[in-house]
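Engineer: Below: one structure in structure tokens.
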Amino acid sequence: MIALRGRARSASLDGPLRRELWRLVDGPARQPDEATLGDGPAGLRVRHAHHDAAPRGNEIVLPPHLGHLGAGDIIAVSPTGDRVEVMWRPRSRHNSILLTERCDNYCLMCSQPPKRHDDSRLLDRAGELIRMLPADTPELGLTGGEPTVYGDGLLALLRLIHSELPGTEVHLLSNGRRFADAGFTADYARAGNPRLMAGIPLFGPEPALHDFVVQASGAFDQTVTGILRLGELRQRVEIRVVLQKHTAPAVVEIAEFIARNLPFVEKVALMGLEVTGLARANLDDVWVDPFDYRAELAEAALLLKHARVRTQIYNHQLCLLDHRVRRMAVRSISDWKNEHIPACAGCAVREECGGFFVSSRHRRSAHIRPLPSPSADGHHA
Ligand code: SF4
């Protein structure tokens, strides 16, 4: 696991910092948004904990667990310099920007429990971050909460991304309900970014199950209408199905619903549960051992594949999957919250396996077992 925030070991500032985001550079800072790692003239100097020189003016010392930070990384520093948050790591494939913690769903297993307070400063900060990213940034994610709560504010951010980063693949996570609004969706499509894809969850093949899981009456109708509107306007959509105690028994019916009604989507992701946030709080209500639904998961994945809907399996360990669908599994767990466990020692497919969320320490399958090499057991990972 890679830590992404912490308290500065010390901070010595001439006064409150006037900006929040800083790109770390080796050597002298040449731009006002650059902070020098180590010595050199800069608006802000940043030192690693192992440098024990006494702090000087406008300098912060990072905590040891942020020792991984290096040139090119972008950090947010509180005005007093005592809190540091990692915003961007150019060497990672898993950079995403949290736009808000507000949401009009309240999913039983939400990893980022919704909050009500106005946090629109996150949207402003996202815009500032976008302007700092290198033009060759390959991909970025936009997450919440529910980013569409901003309405036009989100659309303005998407337009900014399109103009600043035209070659970047953009993945927007949304519950999809706002796309039922024809005017909003038309404006979204008008942003005209062919590299933009919306990732939208679907938790049931009919309203009762989906609305129960997201704890919002009418959500299914809005989400499905939203996906259909996006499809009409040729917008790219990924459907995400999180498998937990309530949805796993219905995964084949959900796959049939998608194949029959939403076959135009670019991708379906069948996802394992992340045991954090509300999933952890409601653990006994949402947890199911993936081993127990492996047959249904395989049937759903193969059904979608045969319907020519591109399908991937996220957040599942290879040893818990039917061998026929192991090739559909991707290493989806972000590098900063990913680990393997001692039971994986000697597993021949460890390099291909996505491993575990660090949060799986709270609950994980009782059926983890090292796999032999594909040639030894006759199956391919
Ligand atoms: S035992 Fe192998 S397949 Fe199972 S979780 Fe560990 S690395 Fe993955």
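Engineer: Within the range 43-88, take every residue that is out of contact with any Leu (no Cβ under 8 Å at 6 or more places or on another chain) and open to solvent by less than 30 Å² (accessible area, probe 1.4 Å) and give me the one that is farthest from Trp336 (Cα to Cα).
Structural biologist: Per the criteria, the residue is Val61.
Engineer: Are there helices (runs of 4 or more DSSP H) fully within the range 159-236 with at least 2 residues that are of a type in the set (S, T, N, Q)? List them. Working first, answer last.
Structural biologist: On the way: elements: 182-190, 207-214, 219-232.
Hits in the range 159-236: 219-232.
Engineer: When only residues in the range 315-328 that are touching a Lys or Arg at 6+ places or on another chain (Cβ under 7 Å) and either free of Cβ contacts under 8 Å to residues at least 60 places away in the same chain or more than 11 Å from the ligand (Cβ to nearest atom) (or both) count, which is farthest from Pro90 (Cα to Cα)? Quick ask: steps written out before the conclusion?
Structural biologist: Of all residues in the range 315-328, those touching a Lys or Arg at 6+ places or on another chain (Cβ under 7 Å) come to 318-322.
Still in the list and also either free of Cβ contacts under 8 Å to residues at least 60 places away in the same chain or more than 11 Å from the ligand (Cβ to nearest atom) (or both): 319-322.
Values: Cys319: 31, Leu320: 32, Leu321: 32, Asp322: 35 Å.
Selected residue: Asp322.
Engineer: While we're on this one: Here are Ser359, Ser365: which of them is more than 17 Å from Ile254 (Cβ to Cβ) and either touching a strand residue (DSSP E or B) at 6+ places or on another chain (Cβ under 7 Å) or not in a loop (DSSP other than H, G, I, E, B) (or both)? Let's see the steps before the verdict.
Structural biologist: On the way: Ser365 fails: either touching a strand residue (DSSP E or B) at 6+ places or on another chain (Cβ under 7 Å) or not in a loop (DSSP other than H, G, I, E, B) (or both).
Testing whether each residue is more than 17 Å from Ile254 (Cβ to Cβ) and either touching a strand residue (DSSP E or B) at 6+ places or on another chain (Cβ under 7 Å) or not in a loop (DSSP other than H, G, I, E, B) (or both) leaves just Ser359.
Engineer: Checking Gly226 against (1) surrounded by fewer than 23 Cβ atoms within 10 Å (Cβ to Cβ); (2) in contact with a strand residue (DSSP E or B) (Cβ under 8 Å, 6 or more places away or on another chain), which single condition isn't satisfied?
Structural biologist: Of the numbered conditions (1) surrounded by fewer than 23 Cβ atoms within 10 Å (Cβ to Cβ); (2) in contact with a strand residue (DSSP E or B) (Cβ under 8 Å, 6 or more places away or on another chain), the odd one out for Gly226 is (1).
Engineer: If you don't mind, another one. Tell me, please, whether a residue that is under 30 Å from Arg91 (Cβ atoms) and touching a residue at least 40 places away in the same chain (Cβ under 8 Å) can be found in the range 339-348.
Structural biologist: At the first step, the residues of the range 339-348 found to be under 30 Å from Arg91 (Cβ atoms) are 339-348.
Remaining after also requiring touching a residue at least 40 places away in the same chain (Cβ under 8 Å): 339.
Scanning the range 339-348, I find at least one residue that is under 30 Å from Arg91 (Cβ atoms) and touching a residue at least 40 places away in the same chain (Cβ under 8 Å), so the answer is yes.
Engineer: Could you identify the single residue in Ala135, Ala126 that is touching a residue at least 24 places away in the same chain (Cβ under 8 Å) and not in a loop (DSSP other than H, G, I, E, B)?
Structural biologist: Criteria check complete, one pass: Ala126.
Engineer: Specify the residue that is farthest from Arg326 (Cα to Cα); the eligible residues are those in the range 276-285 that are crowded, with 19+ Cβ neighbours inside 10 Å and modelled with pLDDT of 90 or more.
Structural biologist: Filtering the range 276-285 for residues crowded, with 19+ Cβ neighbours inside 10 Å gives 276, 278-279.
From what's left, modelled with pLDDT of 90 or more: 278-279.
Working: Leu278: 29, Ala279: 25 Å.
Result: Leu278.
Here is a yes/no grid of residues against (1) farther than 15 Å from Ser365 by Cβ; (2) at pLDDT 95 or above; (3) open to solvent by 70 Å² or more (accessible area, probe 1.4 Å):
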site	(1), (2), (3)
Phe257	yes, yes, no
Arg260	yes, yes, yes
Lys267	yes, yes, no
Leu270	yes, yes, no
Glu274	no, no, no
Trp287	no, yes, no
Phe291	no, yes, no
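Engineer: Also: If only one of Ala345, Ala307 is more than 22 Å from Val275 (Cβ to Cβ), surrounded by 14 or more Cβ atoms within 10 Å (Cβ to Cβ) and either near the ligand (Cβ under 8 Å from one of its atoms) or not aromatic (Phe, Trp, Tyr) (or both), which one is it? Let's see the steps before the verdict.
Structural biologist: Details: Ala345 fails: surrounded by 14 or more Cβ atoms within 10 Å (Cβ to Cβ).
Selected residue: Ala307, the only one of Ala345, Ala307 that is more than 22 Å from Val275 (Cβ to Cβ), surrounded by 14 or more Cβ atoms within 10 Å (Cβ to Cβ) and either near the ligand (Cβ under 8 Å from one of its atoms) or not aromatic (Phe, Trp, Tyr) (or both).
Engineer: So which of Arg331, Arg364, Arg350, Arg369 ends up being in contact with a Gly (Cβ under 9 Å, 6 or more places away or on another chain), open to solvent by 40 Å² or more (accessible area, probe 1.4 Å) and within 12 Å of the ligand (Cβ to nearest atom)?
Structural biologist: After applying the criteria, what remains is Arg331.
The values are calculated or read from the model by the stated rules, or taken from the named source; none is laboratory data. Since this is a predicted model, take the numbers as computed values, not measurements. We place every Cβ from the backbone using ideal geometry, glycine too, and count neighbours over all the protein chains shown. These area figures cover heavy atoms from the full protein model, side chains too; ligands, DNA and RNA do not enter into them. Shrake-Rupley method; radii C 1.70, N 1.55, O 1.52, S 1.80 Å.
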